[in-house]
1. Hey, can you tell me all the residues within region 449-479 that are polar (S, T, N, Q), touching a residue at least 24 places away in the same chain (Cβ under 8 Å) and within 20 Å of Asn541 (Cα to Cα)?
2. Kindly provide the set of residues from region 726-743 that are surrounded by fewer than 15 Cβ atoms within 10 Å (Cβ to Cβ) and closer than 30 Å to Tyr633 by Cβ, ordered by number.
3. Answer yes if at least one residue in region 424-439 is at pLDDT 95 or above and more than 23 Å from Glu147 (Cα to Cα), and no otherwise.
4. For region 155-169, give me each residue that is away from the ligand (no atom under 15 Å from the Cβ) and of a type outside the set (A, V, I, L, M).
5. Please verify whether Val495 is over 20 Å from Ser425 (Cβ atoms), more than 16 Å from the ligand (Cβ to nearest atom) and out of contact with any Gly (no Cβ under 7 Å at 6 or more places or on another chain), treating the condition exactly as stated.
6. Condition check: assigned to a helix (DSSP H, G or I), surrounded by 23 or more Cβ atoms within 10 Å (Cβ to Cβ) and of a type in the set (Gly, Ala, Ser). Does Ala302 satisfy that?
7. When you go through Lys75, Lys70 one by one, which is the residue that is free of Cβ contacts under 8 Å to residues at least 40 places away in the same chain, more than 23 Å from Glu341 (Cβ to Cβ) and either open to solvent by less than 50 Å² (accessible area, probe 1.4 Å) or touching a strand residue (DSSP E or B) at 6+ places or on another chain (Cβ under 6 Å) (or both)?
8. Scan region 520-529 for residues that are surrounded by fewer than 22 Cβ atoms within 10 Å (Cβ to Cβ) and free of Cβ contacts under 8 Å to residues at least 40 places away in the same chain and jot them down.
Amino acid sequence: MKKLTILLLVAIFYGCKTPSSQKSVDEIDKKVDSLLSIMTLQEKIGQMNQYNGFWNVTGPAPNEGDAAKKYEHLKNGWVGSMLNVRGVKEVKEVQKIAVEQSRLGIPLIIGFDVIHGYETQSPIPLAEAASWDLNAIKKSAKMAAKEAAAAGINWTFAPMVDISRDARWGRVMEGAGEDPYLGSVIAKARVEGFQGEDLSNPLTIAACAKHFAGYGFAEAGKDYNTVDVGTSTLQNIIFPPFKAAIESDVKTFMNAFNELNGIPATGNTYLQRKVLKSEWNFNGFVVSDWGSIMEMTYHGYAANIQNAAEIAVNAGSDMDMESYAYVNHLYDLVQEGKVLETDINDAVKRILRVKFELGLFDNPYLYCDETREKEILGSKEIQDAALDMAKKSIVLLKNEGNMLPLAKNGQKIALIGALAADKNSPLGSWRIAAKDNSAVSVLEGMQQYKGNSLTYTKGADVYNGDTNFIFEVNINTSDTSGFSEAATAAKNADVVLMVLGEVGYQSGEGRSRTSLDLPGVQQKLLETVYQANKNVVLVLNNGRPLAINWAQENIPAIVEAWQLGSQTGNAVAQVLYGDYNPSGKLPMTFPKHVGQVPLYYNYKNTGRPGPKKEVFWAHYQDIDNEPLYPFGYGLSYTTFSYSNLKINSVANNKVSVSVSVTNTGKVAGKEVVQLYLQDVVASVTRPVKELKAFEMVSLKPNETKTITFTLTDKALGFYDNNGVFKVESGLFKVFVGGDSKNTMNTEFSLP
Ligand code: GLC
């Protein structure tokens, strides 16, 4: 077809701008079908090909090696998406090549890991989950989308919705913890935050539920390791947050590096075609995780890269991230009849549909506005949202003698710990677009309060040299030369504030640990300082649960401050000084010892729950079965009491439960009222308790509110080993309280 004819066709085809809000699915499908009808097979395959940024786009075009080849592919229209191209300038450059130099001018979709913020970092997702504040979490995602979109990004590889019970796994920082219900409602909040009401709004971006599926169950908490789980865990623990993301119309999925029960997720037809695209009727597209198609040769599941391409596309992986498998082999595989062009067409339609919904066909440069970029990146609105989210993510773990909040005047405070002055670590590990040293440190936050005298000493380095996204952190395991100065500072202070924990790059991808202790010499530093002054407040900066037994036994006040992002120091200071009363609750169990892991609240009773005098019951010889801090746990500067727990009605699988909560302390506070159920006898064993509802309630001193929960099938039922959802009659126990352990209990029966 002559170029002119094609351009005419394309112009007619794309030119009809319809106001995005009226764009119906049918209209888009018609456009997709029309476009597909004029695409060559290689152009279709091009849409399934995603490249990482491969040259300095503001410099000359690459003229040798792989980069030159990729550049040719880009010009030919054989690239559908790019990732890690950022900033309007760069995005515009690559988009121009794709749109203005290729035959059909199909725009790229530009992806990026906007995991908890783009340039401005909100708290790591595990910290955000600790807020249990779905509105705040949704807003945090909305702000991240706004900032990323202003920088030219149209697609984030988030939310990561992998449930995990294993704090050794570095990527627990990236998810919403151990519970499928909390993980599901947070998945919905984050998808809706990223995608907004209208995806073609240039300040919203397509979301991506990842990693499908089972990645958080890597054996021994070792990243990328084998995953072997039963149907009940898959259906009732792993799948729900992915389903929740689809209920919020998530546009894309990302599969996982791991094998699931012997089949790599990327080549897993059961997962991608049977469950996701057929049973769940997902109409978006699946992108492979980085290189995971090629990695099936390492798994021993594909004989070579051609075979990997064949397996992956036949199993329903629609886009190839950085394996170069599709762009180099799919054409021949179709000619050889090993891959059907109809399956190619299906994948391409899914990809094109999202690009239409993003408005990229109406205007490929919709996200490329440099003025808007300057106005929005790092704006006060976004920083304020990050601060709000950070304060709400903080969990008060201990406050003996109401040591907190700190007095605002007349105190000599010794601030100790390298992390207290660290302006990078609080940004977490997924901070690719953040500016270096851009976090407000705890030291800077505390310096905002002028009424006390504040001295700072490092005490000890947490690590040596530098840290980055790719290489191991070199932990300081020997240099204690700063201890004596720290002890002296502590001795001369009224209160000691210690900021200890993990460096930002000690959690995240590829960052599994076999220990959950404070890394390096920090435990020794803590004990040394405590000997000098027992009035210690420990502020944790960490990306995973830590087994801080000694601290729990000895330190009077402990605050879980995770990695809170750009506004860390301001959030920590406002909580420590009581300008914000902490309301966070743990989204993941803190074990007493790594040997207890995986340790989680929704465990099964087993046939030998014990305890018994004899040894023949489910236990360890050396540590009890209890956690250090249970799921859902978190204190406040006030106290709450629960009363009047009652079952109001049980009818047609709808149960009404109410409880009264009173603020019995002296300051206003927020409590997350949690409701757990146990289906006592069922055709598949059920956990001793499962979170089924929660509500955050704000109470003034002496104020009482009554909360009523209505439980329906979704809360009462479970998936059996055939994946069938069922609600069964019989006894249900109800547990209501401020965490998963300390609860009021009642029960009801379903007829
Ligand atoms: C990484 C991660 C995935 C991320 C992708 C792109 O390896 O597993 O979560 O979105 O590659 O950076």
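The values are calculated or read from the model by the stated rules, or taken from the named source; none is laboratory data. All figures in this text were calculated on a predicted structure; none of them were measured in a lab. Don't worry about glycine lacking a Cβ; one is built from the backbone with ideal geometry, like all the others, and counts go over all protein chains shown. Please note that ligands, DNA and RNA were not included when accessible areas were found on the heavy atoms of the full protein model with its side chains. Shrake-Rupley method; radii C 1.70, N 1.55, O 1.52, S 1.80 Å.
1. Thr455, Thr457, Thr467, Asn468, Asn476, Thr477
2. Filtering region 726-743 down to residues surrounded by fewer than 15 Cβ atoms within 10 Å (Cβ to Cβ) leaves 726, 729-731, 742.
Result: Gly730, Leu731, Asn742.
3. Within region 424-439 (the criterion being at pLDDT 95 or above and more than 23 Å from Glu147 (Cα to Cα)), the answer is no, since none of the residues qualifies.
4. The first filter runs over region 155-169 and keeps only residues away from the ligand (no atom under 15 Å from the Cβ), leaving 163, 165-168.
Within region 155-169, Arg165, Asp166, Arg168 meet the criteria.
5. Working: over 20 Å from Ser425 (Cβ atoms): yes; more than 16 Å from the ligand (Cβ to nearest atom): yes; out of contact with any Gly (no Cβ under 7 Å at 6 or more places or on another chain): yes.
So Val495 passes the test.
6. On the way: assigned to a helix (DSSP H, G or I): no; surrounded by 23 or more Cβ atoms within 10 Å (Cβ to Cβ): yes; of a type in the set (Gly, Ala, Ser): yes.
No; evaluated as a whole, the condition is false for this residue.
7. On the way: Lys75 fails: either open to solvent by less than 50 Å² (accessible area, probe 1.4 Å) or touching a strand residue (DSSP E or B) at 6+ places or on another chain (Cβ under 6 Å) (or both).
Every option except Lys70 fails the conditions.
8. Answer for region 520-529, where residues must be surrounded by fewer than 22 Cβ atoms within 10 Å (Cβ to Cβ) and free of Cβ contacts under 8 Å to residues at least 40 places away in the same chain: Gln523, Glu527.
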